[in-house]
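*Asks:* My questions will all concern the structure given below.
The values are calculated or read from the model by the stated rules, or taken from the named source; none is laboratory data. Given the structure is predicted, the values throughout are model-derived calculations rather than measurements. In this analysis, Cβ positions are derived from the backbone assuming ideal geometry, glycine residues included, and neighbour counts consider all displayed protein chains.
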Amino acid sequence: MRRLGLVLLLLLSACTQQQVIDQPAADSIDLVTWLDHELSPYLARQLAQDPRFRDQSVMLVRLNGSEIQAEIDQLTRHIRRQIEDDLLSTPGIRLPWQPMTQMPKHHRRLSNIQCRTSRNADYYIGIEINPVLSDRYRVSVRALDMSEHEWLNGFGMHWQGRLTRDEREALSRFSVDESLRGLRVLPFTTRQTDMAADYLANNVSCLLRQQDEDQLLIHVQPVDDQGAYMSGMLKLVANNLSRYHEVSITGQAEQADYVLTLEALTVQPGLDQVWSAISRKHSSVRLSGMDTSTYIAQDSVQTGGSRFSTPRPQIQNIEFAEAPDRSLCPDTTGHCRLLTIDVRDTNEVFIVQHRAPARLEYLPPAACGVRTRSLGVNANRHQVSVEPGNGETTFHAIAANQHSRDAVAAHLARLPRSCASPQSGLDKGEMDLWLTQLEQIMQQQQTHISWAATRINY
């Protein structure tokens with residue numbers, strides 16, 4: 001029955017919370033026009049007038065599902081740059097200081113420091129770009145409230161249409177988003193303590209400007225039992241602060257007006273949050289609003305387990321095409337089609353074939369000759385030849401990361417395998433149980449799995 005393919009599609013869509021996009025009757029306006037005339041004016045108006053954003057700072061980031069990404073493609077970077085330029089010219093909108101976006105200047109006076117607002121953002125404005133059809137893409141913009149860790153209702157816009165060739169190429173080029181360096185999504189490492197110290201010192205310097213004093217005499221409190229890298233960090237912070245004419249560093253606590261301390265708190269194995277704090281001499285009370293922090297990861301440990309660190313796999317494209325090279329076909333006829341699947345942030349792709357009317361099969365990479373090649377940083381293309389047949393066939397691609405791949409592989413192993421010796425399929429009772437258990441896996445691993453499907457008629 002055809003309903004089995006539909007059931008699988010509905011189960012997958014319900015578990016991964018992906019939106020079903022209707023085919024537009026005609027192409028919308030181009031992306032550049034939408035940015036200029038709709039998105040930028042909308043964001044400027046909302047951020048300036050919505051009371052939720054009053055005295056709050058916002059940061060623009062790339063999204064993949066619900067997760068902020070440490071890598072950014074060139075198209076999203078361009079969109080962000082244009083939006084930021086428009087927002088900076090709008091009164092009442094606050095953008096956080098992003099020190100890694102430009103080369104630091106070694107100012108001699110606190111008044112010359114380039115400070116915008118506090119480093120941490122109150123809201124993230126997320127930009128997500130996904131293919132929705134073979135030749136169309138969807139650009140979605142929404143806002144995340146960091147205090148509540150939830151998406152804002154009634155806020156957001158989207159565009160759907162065709163990208164130009166240059167825009168598609170920009171979408172495929174990725175680099176590290178250094179504007180996020182120091183945040184949890186992209187922490188400094190223990191080999192970057194000099195960069196982390198400069199980061200903290202700049203934040204502290206911006207806060208010291210608020211004291212409005214001609215001369216600041218600061219004692220840097222030694223670090224006790226805080227890890228090997230912390231003592232060096234403290235010295236580097238002190239050296240960075242001492243370059244300002246208004247700041248003097250003293251080793252004598254009794255002579256100081258203020259005391260600076262650093263504290264490393266472990267938030268998960270291999271990941272520390274380092275806090276700097278300033279208090280007046282002979283007082284254990286920290287000066288209000290003078291604390292600042294950053295994240296530092298151990299070099300040997302991969303951070304994960306948070307909504308901002310472990311990327312969700314992304315299927316960027318799934319399509320059929322005639323094989324350009326006959327040698328790619330499994331037999332001598334030289335006639336076959338290639339199923340092509342482009343993914344990011346994982347190399348684990350599982351392919352399920354639904355042959356009408358009622359047969360599900362797993363296409364294991366080894367048996368089916370799935371070929372994989374790199375498309376750049378953390379991006380791969382998977383291709384498998386498909387022999388011609390009769391009727392309708394739907395292919396489901398499931399992308400899994402390291403957290404979900406074993407569970408998905410074990411479950412799919414229960415299906416009969418294509419590209420192998422004939423195997424009996426599951427009966428109705430077995431199929432219903434298998435689908436129910438698949439739904440459970442998708443619910444449990446929803447932040448570690450993505451899926452896409454395409455149909456072909458022979």
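*Asks:* Is it the case, given these coordinates, that Arg165 is more than 19 Å from Thr294 (Cα to Cα), of a type in the set (Lys, Arg), exposed (fewer than 15 other Cβ atoms within 10 Å of the Cβ) and modelled with pLDDT of 85 or more?
*Replies:* For Arg165, the condition - more than 19 Å from Thr294 (Cα to Cα), of a type in the set (Lys, Arg), exposed (fewer than 15 other Cβ atoms within 10 Å of the Cβ) and modelled with pLDDT of 85 or more - is met.
*Asks:* So, one more: Only one of these conditions is not met by Glu348: (1) among the charged types (D, E, K, R); (2) modelled with pLDDT of 85 or more; (3) in the same structural domain as Ser242 (by TED's automatic domain parsing). Which number is it?
*Replies:* Single failed check for Glu348: (3).
*Asks:* For Cys15, only one of the following conditions fails: (1) modelled with pLDDT of 80 or more; (2) in a helix (DSSP H, G or I); (3) within 22 Å of the chain's Cα centre (by Cα). What is its number?
*Replies:* So Cys15 meets the others, but not (1).
*Asks:* Does Ala196 count as part of a helix (DSSP H, G or I), hydrophobic (A, V, I, L, M, F, W, C) and touching a residue at least 40 places away in the same chain (Cβ under 8 Å)?
*Replies:* For Ala196, the condition - part of a helix (DSSP H, G or I), hydrophobic (A, V, I, L, M, F, W, C) and touching a residue at least 40 places away in the same chain (Cβ under 8 Å) - is met.
*Asks:* I need every pair where a residue in the stretch 41-55 that is closer than 21 Å to Glu148 by Cα and outside any helix (DSSP H, G or I) has its Cβ under 6 Å from the Cβ of a residue that is modelled with pLDDT of 85 or more and of a type in the set (Gly, Ala, Ser), sequence separation at least 6 or different chains.
*Replies:* Between residues of the stretch 41-55 that are closer than 21 Å to Glu148 by Cα and outside any helix (DSSP H, G or I) and residues that are modelled with pLDDT of 85 or more and of a type in the set (Gly, Ala, Ser), there is no close pair.
*Asks:* Ala367 fails exactly one of the following numbered conditions: (1) under 17 Å from Pro131 (Cβ atoms); (2) of a type in the set (Gly, Ala, Ser); (3) at pLDDT 75 or above. What is the number of that condition?
*Replies:* Only one criterion is unmet by Ala367, namely (1).
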